Structure formats: C-alpha cells, structure tokens
Amino acid sequence: MSINSTYKLGCTFNSDGIHFALRAPLAQQVSLCVYNRYDQDAIIRIPMQNTDDGIWQYFKNGFEWENFWYTYSIQGPSNSSFFEATDHEIADPYAHHVANTLHYLGFYKALIKRPTPFDWGNSTYVLIDDPSDLIIYEAHLKDLVAHSSAKTNNCGSYLDFVEARKGGLHHLKNIGVNAVEFLPLQKFAYYEPPFNTRIESGLKNTWNPTFINYWGYMTSFFHAPETLYASGATTEHLTHIGLNTNVDYELKSLIKACHQEGIAVIMDVVYNHASQYDLNPLKYTDKSGYYRLDHQGNYCNESWTGNDLDSSKQATKNLIFSSIKHWLTEYKVDGFRFDLAGILDWACVDELTELARNIHPGVTLIAEPWGGEYKPTGFSERDWPSWNDKFRNFFKGYDPIHQRGILFGEWPQGVHRYTIENFFRGTLLRDEHGLYHKSSHSVNYVASHDGYTLGDFIRLALKHDQNHQQVNSNVFHEHENEQDNEHAIEDAHEKDVIRLQKLAGFMLFVSQGVCMLHAGQEWARSKVLEPATIHQDAVYDHDSYNKDSNVNYLDFDKIESSIGIFEYYKRLIELRKSEKALRNSSPEAIVFKVYQDPLHITFSIDGEFTDSQYTYFISINCNRNQSHEIILPKGKWELLLTEKLVPKGKYIEHSYLVPYSAGVLLRQRR
C-alpha cells in the first residue's frame, strides 16, 4: 500500500497490513518504535514519511506486529516555544489501548490491536424518551466496588462492578436509578510528581501530598479506557499496568450489564484540558495545534487546570469528534457529561452535537456549563441539559458555615419568592434568574463529587448554626449524667442530619428537570479525613480528588445504620419514575399558594398537562422548629410521603400539619 492523504490518525488495520499515522507538523523527524513486549527494548525503529499536511505515516505489510507495542520518537526544533521537545518516546494520541508505568511521566506504549468483536445482543443503548426521565447516580467506578462491604472478588475493577453482591450494579438496581454517570474512565495520569520534590523541569509539587489523581480529571489518552480498573491491575508505584489487553472487553461487559438492567451509562469526559506532568502526547506532537497558547507559546489557563485545549482549532476538534464517535460506536455508551464545558468553542459544540446525534439520536449530552464562561443558556439553546449550580446553592447553600441555603431555614440574600418558584418549575428563562428554555435542560442536584458530601455539608452547617446549638443545649440539660448528655446531643444532632438529608432529597425529587444524586447521598455518606491529613478542626474532606482510600470508597454496611434515609430515597425514586407530572410538567400546571411565611412553600401540579390521573399537592416547611398547617383543596387526598414513609392507601382531607424541616406529598384523582 502506498502512503497517501486518505489516512486515519492512529494505528489502523486493512486487508493488507497495518497503517500508522501521527500528526506532528513541526517535527523534523519521526521514527516508529516497535516492541514485542512492553518492558523490553524496541525490536525495530523505522523513520516515517512526512506528508505535506504535517502527518507522518508508515505502512507495515502483513500482520506480524499485531499485539505488539509501539511509540514514536520525535525530533523537532529545540529553540521554538511552540514545539515541546523531549528525549522520551511518545505514545499515539489516538491509541485505543495504552500500557504505562505508574510514575508521573507514565512511559506510555500503545498496543497494535484491531477492534475486538463483542456480542452486544439486544443491549446496544438504553432509550430515554426525555432527559427529565433520567435519575442519574454520579459515582467513581472504584468507589462502588473497592470497599470490602461491596462484596466483590477483586479490588475495584470493571468486572467487580458487574459481579458485586452488595455494591456496584447490584446497588444501582436496588435503589432504582436509571443512569450512572461515571467519573472519567478514559486513560488518565494517576500519579503526579512526588510531594516536595523538584523534578527535571524545575517544578516542585507543593499542593498534593499523596501525589495521586484518583478522580481522573487529567486525561492523557481520549480513545483508551483506563487500565487501572482492569482485572489484575495494581496502583503500586513504578509497576506496569495495561498489560491485560482485554480491558476493552471488561468495560464493554460492564456497559452491557447496565443496559440489560435498563441503566444508561454516561461518561464524564474532559476535553477542556489535558494531563499536565506526564508524557502527554498532545503536548509533544502538536502543542500549537491542540492547546491555547499566548503569543510567547505559554499555555493559557482559563480553566484553572494548568492548560487549556483549544476546541476552535481543527486538530483539537478532530480529536474530540473521533473520541466521541469511538465511545458511542465501539463501547455503546449512552451519553457524556462534559467537564468545564464553558470553555468549549460553540462551533465545536455544534458539530459535536450533530455528530453524536447522527450516531445515536437519543444520546445524552450534559454540560458542566462553566470553566471559562458561564453558559447554561447557550447549551439550552442547543438542547443540552447542564448542571444547575444555582439550584444547588439556593437549596443547600454554597458554604456550610457562611452561606447556607433554605434547607437550613435561611433565606439567601437577594432572592425573591418567585425565584424559588422558578427553581421548582425548572429554572426557566421566562422568569427572573432563569437559565433554560425547557425544564428538562436543568440538571438539578444538591451534591456532586466536588465539595462536601451532602451529609457532611449538613453536619458542618449544624455544627456552626447557633439555632441548632441552642436546640442541643436544651437537650443537654434534660440529662444529669455527663456521658448521657454527650450521647443525647450526638443523637439529636444526627436526627437533624437525617431530617435535613431527607428534606434535601424531597425538594430535589419534586423539582422539574433532570435529577442527579451523588453516590452515597441515599444514606448521608460521609468522607472523614484520614488522621494524617487532618488540618485544624476539619474532619470532613471537601476535595478528595487525591485519595485512593476508604475516604472515597463507599461503605455499604453504613446503609443498615441509616436505613431510614435509604428507604426514603428509594421511595422518592419510585414516585418520580412512576409519575411524569413530578419531573416534566408544563409550567402553567404548577400553581403556588401564597403564604406569609417565606420558608413555607406549597404548590400543586395539575396532572392534565401530562395526561396523569392525578393532581399533586406538595408542601415544604423549611422552618427549623415550627410546624405549619396547610388547608387542603376539597376532597380526599392520598398521603404519599411526609418526613417518613407512609403506608400505601392512607387518605386525609381538610388540613394537614406539615412538620418542621419536612416535605409532604399528596395526590388526588382528577
């Protein structure tokens, strides 16, 4: 086969042999280095041919190199700030499988491998009629399976997720969600430079004592699955991972198993920046073609991640489009959550949207609409849902000590009554402070991987809440024995945690739009700092990105001691799934009642607009120590939920006393 311009970047197979193509327009020479084993010397180094458009190519007749490893040796101008030179070999940025050494540089090698056939059966995609039908469970894969309570066979793998007898897929089925949003599964830089050690470049890591990126938001290879989660993998420093070349099969098996249970798989993807300290191939093959640079060739950092990929440049767009296509077609993922999507170029977003929807018309595309500009409305115009941080901040608060939300009986400054009504309607543009054209574009949440867990936020807020301390003081004086006093205060504190954890879930699940839970929210999960990292009086971890430990792993045995919260959230999920009016009703169907107390919010949802048999009546009392009586419309109302579970078939009429820090849900046949 002769070299020509009809190339496809990366390593590809045809009927005659294997083709290699690398974009490196400023390189002066590129050699292909082939290895028959990852940890041995190259068996051959072959100069590649440079085409006029900066693509270096080589074609190998035959298939004797299949399942070998390869890298590129790249030489270029040493005096150009727009070309990043290195003496190290670089792996292919379009590689579909990558092995590496667990070291901050990575020392990556790509596998020469043709696509592996996989039997998807009838489970190609999970069909979601409307984004508002989604109940998303945001989780780190390993968190779901690494703790001993998950009852798995290994230590945090893709297969563990499928086989877990208490965690993993078993848990998602148990609570009833219909989508899982995994933190990054694309190949990322796990290790950073050692703490307080200056490396060759002069950099000194002063910010990360564990020198680990556990969450995975430092992507190195956008087409390759993370091999840390392959069976038999390890995280031990300086060991090799990725030698299990069946990782694609294992990840596909996970996705297929989710599909068979009606659970959509959404991948968190990071196309706004790339890994910073390793031998990232984008940096060393085409720095000026992939990144935003200033006029001196320095990396721009508008995303505050160390570097910005430039999605207005064709090379970057091609990489993103190829990656999206690969994960949709080869892995059958159901959607993507785009990290820091506010930095993405609109032309790129438009092309990406068309590409993805042509492949899978029902694909879920979710934006984190900041990281540069704040763009929820722009994404809504493109029919994308996006994370609604305004919803989170109003209901829960931004800071547990200085800026608490209405959940704690505090009305945020500058917020009008009709603003909160709009949050329940879907934060629509038709009203003040609106963000979205449709309610199904609002991804409502009160906790995510960023920041404190909801349970810890509540615990900290109560600890610093003078009203709560006064309540505890009253409890204290009821007991004469000091030890009994301490236990009584602790019990009262945790009871309030439970009550507010339920109320936060209640407000989330009766709001129009997409609903997202953070893993462990259903039992008020806590992230307690390890003793070695405790700073001052902080005991909860609000930024656990660098801890591959029990700080992050989900302890499913904790459910038993928080079974009331757990069963409450299961009931919320059941109710929301069963009734469209609770998630995607017309704004005209939602009518708010006028009450003097701003912390008492009551509204009805007319089921006529969603062809429901029922009209719903919802009342929320955010007062911390005062019940509130509501007058019900005429007739009998079925009581579905209060601050606790309600037996089915219980009816009331005339009025109802809504307890403090609680919500009440009722319905009546139309």
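Worth a mention:
- Condition check for Ala21: crowded, with 22+ Cβ neighbours inside 10 Å, closer than 20 Å to Leu279 by Cα and either aliphatic (A, V, I, L, M) or assigned by TED's automatic domain parsing to the domain that holds Glu250 (or both): no
- Restricting region 180-222 to residues that are without any contact (Cβ under 8 Å) to a residue 40 or more places away in the chain and basic (Lys, Arg), the residue that is nearest to His518 (Cα to Cα): Lys204
- Here region 445-474 is the region considered, the condition is being outside any helix (DSSP H, G or I) and farther than 14 Å from Gly505 by Cα, and the residue that is modelled with the lowest pLDDT is Asp465.
- Among the candidates Ala146, Ala233, Ala224, the residue that is part of a strand (DSSP E or B), in the same structural domain as Lys287 (by TED's automatic domain parsing) and buried (at least 22 other Cβ atoms within 10 Å of the Cβ) is uniquely Ala224.
- Matching residues in region 354-371 - criterion: being of a type outside the set (A, V, I, L, M, F, W, C), more than 16 Å from Ser132 (Cβ to Cβ) and part of a loop (DSSP other than H, G, I, E, B): His360, Pro361, Glu368, Pro369, Gly371
- Tally, over region 100-143, of residues that are surrounded by 21 or more Cβ atoms within 10 Å (Cβ to Cβ) and among the acidic types (Asp, Glu): 2
- A single member of Leu582, Leu554 is under 18 Å from Ser442 (Cβ atoms), buried (at least 22 other Cβ atoms within 10 Å of the Cβ) and of a type in the set (A, V, I, L, M, F, W, C), and it is Leu582.
- Of residues in region 509-527 being hydrophobic (A, V, I, L, M, F, W, C) and farther than 19 Å from Asn174 by Cβ, the one surrounded by the fewest Cβ atoms within 10 Å (Cβ to Cβ): Val510
- Every condition in (1) more than 23 Å from Ser578 (Cα to Cα); (2) under 37 Å from the mean Cα position of the chain (by Cα); (3) of a type outside the set (Ser, Thr, Tyr); (4) surrounded by fewer than 14 Cβ atoms within 10 Å (Cβ to Cβ) is met by Gln613 except one, and the failing one is (1).
- Scanning region 42-71 for residues that are out of contact with any Cys (no Cβ under 7 Å at 6 or more places or on another chain) and among the hydroxyl-bearing types (Ser, Thr, Tyr), we see that the one that is nearest to Asn14 (Cα to Cα) is Tyr58.
- Look at (1) surrounded by fewer than 18 Cβ atoms within 10 Å (Cβ to Cβ); (2) without any contact (Cβ under 8 Å) to a residue 40 or more places away in the chain; (3) in contact with a strand residue (DSSP E or B) (Cβ under 6 Å, 6 or more places away or on another chain); (4) closer than 26 Å to Phe408 by Cβ and you find that Phe592 fails only one, number (2).
- Selection count where residues are surrounded by fewer than 19 Cβ atoms within 10 Å (Cβ to Cβ), of a type in the set (Asp, Glu) and at pLDDT 95 or above, scope region 373-398: 2
- First in region 348-366 and within 16 Å of Ile266 (Cβ to Cβ) and assigned by TED's automatic domain parsing to the domain that holds Leu328, second anywhere and surrounded by fewer than 17 Cβ atoms within 10 Å (Cβ to Cβ) and modelled with pLDDT under 95, Cβ under 7 Å, 6 or more apart: Gly362/Leu127
- Trp346 being hydrophobic (A, V, I, L, M, F, W, C), farther than 30 Å from Cys258 by Cβ and in contact with a Gly (Cβ under 8 Å, 6 or more places away or on another chain): yes
The values are calculated or read from the model by the stated rules, or taken from the named source; none is laboratory data. Every value quoted in this text rests on a predicted model; they were computed, and no experiment measured them. Note that we place each Cβ from the backbone using ideal geometry, even for glycine, and neighbour counts take in every protein chain shown.
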